[in-house]
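One structure is given here, and the rest of the page talks about it.
The values are calculated or read from the model by the stated rules, or taken from the named source; none is laboratory data. Quick caveat, the model's predicted, so the values are computed rather than measured. No Cβ is skipped: glycine too gets one built from the backbone with ideal geometry, and neighbour counts run over all protein chains shown.
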Amino acid sequence: MTGTKGPHSRQIASTMAGIIEIKNGMKPQVGRTSRALIKAIVLPTVVFVLSVFTLLEKNVAAMAETDKPVVSGARVAGDADRTRFVLDMDSQVEPSISGLASPYRLIIDLPEVEFSIPEGAGDNGRGLVRDWRYGLFAAGKSRIVMDLTGPVSVDNTFFLPAVDAQPARLVVDLVSATPSQFASFVKRSREAGQESEKMTGTKSDRLVPPADDDKPLIVLDPGHGGIDTGATGVAGTLEKAIVLDFASLLKDKLDESGLYDVRLTREDDTFISLKRRVEIGHELEADLFISIHADSVRRGRKFARGATVYTLSDKASDQLAEDLAESENMSDVIAGVELDDEPAEVTDILLDLARRETRSFSVYFAKILVNELKSAVRLINNPHRSAGFRVLKAHDVPSVLVELGYLSNQHDEKLLTSEEWRERMANAVAESIHGFFRPRLARKQVTPSQ
Ligand SMILES: [Zn+2]
């Protein structure tokens, strides 16, 4: 029913549904049989009526700026026994609620909505909710992730339709629970999630295969995105935004050369899991994978600044690298993605050889890159470092992670947002890529010398 949210359809939807009650998280509780009935009779009717309206409103809808439901307010109230989370909305949506442990989190998935709430609204929670964040999780899907102070159970979830001046509200009531109660909630919500995914048939992210096999394929990976904002600068710059800008600029430069096939792991403000990023490089059989970041450092290292190039290693080169990898590897936890168990160390000798070769190519590229950056921008001391970054783990794709600078440093933040600096940085990275592929491109030259 997406894309059918004209004013009429909204009215119909809210009149029909009234108050939807959802118990123990997950789907609205209307009983198994009645749910089946709704699916069989009511839903097709609603869909039909809505599509008629959609047809009628086609022209109007085309002109409308956005037809996404808008979240205009959010609050948390209550105490450590009982906490209520409220979202003000302009139309009714159906939430899907699930949980994840270690650390305890509650996840509210919604169809794509527009969050029109003050920045930092979720920084301070209350009662059972320590803090919360929100954003686009995937195409057509928005997500709220709450960090909980401990195990909870979802006591009640309901939607109050708009009345007079009051906006419609989505209400989620949490009560404190035991770890085992939370564990069974997690299990149930996971099963429900898999079920609904099966029913809706999630869109597969099919990748466009390389157009020209002769061209080296480069994957640029702007870090974070959507619900995972990454670091926030002293002046409020968001890491997810500047790394996307930088990756797009770099892609333009590489495209101009006509020498490469360049892909981005994300082209908008969408969340992509670390595992998916690695898969994209692997599936495209990329020749080079560059993850782009601009983090913030903890533990009082406010003065750390300058660009850094990281490669993968089992043991971190130093404490800063270890801390950074740890915070980068948190991306999936932040977005409420279930972590896969680390695959057991594969002992296959061929795979091991491939991995070694890939690692030495990664280090080789890192060295070229550092050399190129040296003459262009300020670098941190020991600019080539290493640690266990999950995003660099493709065994067959040479991969590096570039920290453009540190958003925790105000001077770096100023540079990262300056047009002139970004030009210089992008030119230097492009130059190092030319250097890395020069031997291969030279071999491919068919034009004989005069
Ligand atoms: Zn980052």
Subset tally (residues that are out of contact with any helix residue (DSSP H, G or I) (no Cβ under 6 Å at 6 or more places or on another chain), in a loop (DSSP other than H, G, I, E, B) and surrounded by fewer than 21 Cβ atoms within 10 Å (Cβ to Cβ)) for the stretch 215-237: 2
Yes/no for Asn382 being within 15 Å of the ligand (Cβ to nearest atom), over 19 Å from Ala286 (Cβ atoms) and in the same structural domain as Ile433 (by TED's automatic domain parsing): no
In the stretch 150-165, the residues that are of a type in the set (A, V, I, L, M, F, W, C) and free of Cβ contacts under 8 Å to residues at least 40 places away in the same chain: Val163, Ala165
Scan of the stretch 148-183 for residues that are in contact with a helix residue (DSSP H, G or I) (Cβ under 9 Å, 6 or more places away or on another chain) and within 17 Å of Arg105 (Cβ to Cβ), ordered by number: Leu148, Gly150, Pro151, Val152, Ser153, Val154, Ala177
Cβ pairs under 7 Å, 6+ apart, first in the stretch 103-128 and farther than 21 Å from Val70 by Cα and of a type in the set (Lys, Arg), second modelled with pLDDT under 95 and not in a strand (DSSP E or B): Arg105/Gly336
Failed condition for Asn371, given (1) modelled with pLDDT of 90 or more; (2) crowded, with 17+ Cβ neighbours inside 10 Å: (2)
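Quickly run through the stretch 369-405 and pick out the residues that are assigned to a loop (DSSP other than H, G, I, E, B), of a type outside the set (A, V, I, L, M) and over 28 Å from the mean Cα position of the chain (by Cα).
Ser375, Arg378
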Among the candidates Val377, Val402, Val370, residue that is touching a residue at least 60 places away in the same chain (Cβ under 8 Å), touching a helix residue (DSSP H, G or I) at 6+ places or on another chain (Cβ under 6 Å) and not hydroxyl-bearing (Ser, Thr, Tyr): Val377
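Listed here are the residues, each with its yes/no results for (1) at pLDDT below 85; (2) of a type in the set (Val, Ile, Thr).
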site	(1), (2)
Thr149	no, yes
Val154	no, yes
Arg169	no, no
Thr178	no, yes
Asp212	yes, no
Selected residue (only one of Lys141, Lys187 is within 24 Å of Thr229 (Cβ to Cβ) and of a type in the set (D, E, K, R)): Lys141
Close pairs (6 angstrom Cβ cut-off, 6 or more residues apart or separate chains): farther than 21 Å from Tyr364 by Cβ and more than 15 Å from the ligand (Cβ to nearest atom) in the stretch 282-301, modelled with pLDDT under 95 and not aromatic (Phe, Trp, Tyr) anywhere: Glu283/Leu207
